[in-house]
Amino acid sequence: MLRPEGQKRVTVMHMRTKKWARPELQACPFFIDAIKGPEAKTGALRGTWRPRFARPELPLHIEMGCGKAVSTAKMIAENPEINFIAADLSADILGVARRNITDACGENPGNVQLVMADICFVDQMFGPQEQAERIYIHFCNPWTEHPKHEKRRLTHPRQLMQYRTFLKESGEIWFKTDDDTLFEDSLAYFELCGFEPVTIGRDLHADGFTPNYISEHEEKYTALGIPIKYGVFRMKPETPDFDPTRFRLTPGVKKEAIERMNRGIILSHGEE
Ligand SMILES: C[S@@+](CC[C@H](N)C(=O)[O-])C[C@H]1O[C@@H](n2cnc3c(N)ncnc32)[C@H](O)[C@@H]1O
């Protein structure tokens, strides 16, 4: 197909269809379909999550875009005192995630829910009742090809302002990426959406940051010699007053927000 001059080809990697994935997910006692299931996009799932776990009172961690759950499976197995929700868009990918989780944790671990969901509509699935302690966003798609696509990033203010609604007070977002542009833009997003930096670094493995569970994409980019950028961001109590649906990250806004973020790290270490 001919493309207009100068237009780049966007290559989207699709996983080969796995015929076994959907039947296995439907039979899985810890799987929820929040895209086509009866409660999808109705808001009816809000507040229903904790009772699904063997011990509802445990802290809740949610992973957005878990992929094949390579790191998630290990995290679930090694942290029985935490309840995990792992969410992704694709049934084929979640089929592999389910197998990885059951291989690591047995057929019905009491501390995980696997969810097929579009995170763009995450506030229809989770509400203030969830009181999540932590959100993980690991190697989300960077969407750097066109400025119009930025709003699809899982760290975009459209998303961060939704996450605020179900994180508990001082809840945290743990973020990792290989992508420099996504990382720097995200620092500004976090600052503008009322998150303060607990820690930020541009070479996770050299820094020896722990605890760290290596995901499929982390392994891939590390093998290519690309340093992993990371940060932990804590939610401040005051909700910023702006409309994320109209948000555009201009260079001026980005520079000032990153400066404020860097000042925040120094203050958080008590080095005023
Ligand atoms: C690059 S992969 C990273 C997977 C994994 N976190 C890792 O580090 O290996 C990004 C994942 O995010 C999922 N994803 C992208 N957009 C999403 C959305 N709007 N809702 C849910 N999942 C999404 C994709 O299906 C894919 O599995």
Enumeration of residues in the range 35-55 that are surrounded by fewer than 18 Cβ atoms within 10 Å (Cβ to Cβ) and within 16 Å of the ligand (Cβ to nearest atom)
Ile35, Lys36, Gly37, Lys41
Taking the range 219-249 on its own, how many of its residues are out of contact with any Pro (no Cβ under 7 Å at 6 or more places or on another chain) and modelled with pLDDT of 90 or more?
20
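Run down Thr48, Thr72, Thr42 and say which single residue is of a type in the set (S, T, N, Q), at pLDDT below 95 and in contact with a helix residue (DSSP H, G or I) (Cβ under 9 Å, 6 or more places away or on another chain).
Details: Thr48 fails: at pLDDT below 95; Thr72 fails: at pLDDT below 95.
Checking each option against the conditions leaves just Thr42.
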Val112 passes all but one of the listed conditions (1) of a type in the set (Val, Ile, Thr); (2) closer than 15 Å to Met64 by Cα; (3) within 12 Å of the ligand (Cβ to nearest atom); the exception is number (3)
Counting only residues in the range 213-245 that are in a strand (DSSP E or B) and within 16 Å of the ligand (Cβ to nearest atom), the one surrounded by the most Cβ atoms within 10 Å (Cβ to Cβ) is identified as Gly231
Checked against (1) modelled with pLDDT under 90; (2) surrounded by 10 or more Cβ atoms within 10 Å (Cβ to Cβ); (3) farther than 27 Å from Lys168 by Cα; (4) basic (Lys, Arg), Arg9 satisfies every condition except (2)
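For the range 56-84: of the residues being away from the ligand (no atom under 16 Å from the Cβ) and aliphatic (A, V, I, L, M), which is surrounded by the most Cβ atoms within 10 Å (Cβ to Cβ)? Working first, answer last.
The initial filter retains those residues of the range 56-84 that are away from the ligand (no atom under 16 Å from the Cβ), namely 56-60, 77-83.
Within this subset, residues satisfying the condition of being aliphatic (A, V, I, L, M) are 58, 60, 77, 82.
Details: Leu58: 18, Leu60: 26, Ala77: 16, Ile82: 18.
Selected residue: Leu60.
Does Ala117 fit the bill of being more than 15 Å from Ser186 (Cβ to Cβ) and within 15 Å of the ligand (Cβ to nearest atom)?
Considered against the rule, which asks whether it is more than 15 Å from Ser186 (Cβ to Cβ) and within 15 Å of the ligand (Cβ to nearest atom), Ala117 comes out as yes.
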Taking the options Phe166, Phe190, Phe175, name whichever one is closer than 17 Å to His61 by Cβ and crowded, with 24+ Cβ neighbours inside 10 Å.
Phe175
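So which residues in the range 69-86 are part of a strand (DSSP E or B) and either more than 20 Å from Pro56 (Cβ to Cβ) or more than 13 Å from the chain's Cα centre (by Cα) (or both)? So that I can check it myself, show each step before the final result.
Going residue by residue through the range 69-86, those that are part of a strand (DSSP E or B) are 83-86.
If the condition is that a residue be part of a strand (DSSP E or B) and either more than 20 Å from Pro56 (Cβ to Cβ) or more than 13 Å from the chain's Cα centre (by Cα) (or both), then Asn83 is the only one that fits.
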Tell me yes or no: at least one residue of the range 147-156 is surrounded by fewer than 19 Cβ atoms within 10 Å (Cβ to Cβ), modelled with pLDDT of 95 or more and not in a helix (DSSP H, G or I).
no
Out of (1) part of a helix (DSSP H, G or I); (2) hydrophobic (A, V, I, L, M, F, W, C); (3) touching a Cys at 6+ places or on another chain (Cβ under 9 Å), what's the single condition that is false for Val96?
(3)
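For the range 23-32, state whether one or more residues are in contact (Cβ under 8 Å) with a residue 24 or more places away in the chain, surrounded by 16 or more Cβ atoms within 10 Å (Cβ to Cβ) and over 22 Å from the mean Cα position of the chain (by Cα).
Taking the range 23-32 and keeping what is in contact (Cβ under 8 Å) with a residue 24 or more places away in the chain, we get 24-25, 28-32.
Applying the additional criterion that residues be surrounded by 16 or more Cβ atoms within 10 Å (Cβ to Cβ) yields 24-25, 28, 30-32.
Among the residues that remain, those that are also over 22 Å from the mean Cα position of the chain (by Cα) are: 24, 28.
Scanning the range 23-32, I find at least one residue that is in contact (Cβ under 8 Å) with a residue 24 or more places away in the chain, surrounded by 16 or more Cβ atoms within 10 Å (Cβ to Cβ) and over 22 Å from the mean Cα position of the chain (by Cα), so the answer is yes.
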Identify, by number, the condition in (1) in a loop (DSSP other than H, G, I, E, B); (2) more than 16 Å from the ligand (Cβ to nearest atom); (3) of a type in the set (S, T, N, Q) that Thr102 doesn't meet.
(1)
Does any residue in the range 128-155 that is away from the ligand (no atom under 16 Å from the Cβ) come within less than 9 Å, Cβ to Cβ, of a residue that is part of a helix (DSSP H, G or I) and among the basic types (Lys, Arg) six or more places away or on a different chain, and which pairs are these?
Gln129/Arg50; Glu130/Arg50; Gln131/Arg50
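The values are calculated or read from the model by the stated rules, or taken from the named source; none is laboratory data. Being a predicted model, the structure only gives us computed values, none of them experimental. Cβ sites come from the backbone with ideal geometry, for glycine too, and all protein chains shown count toward neighbours.
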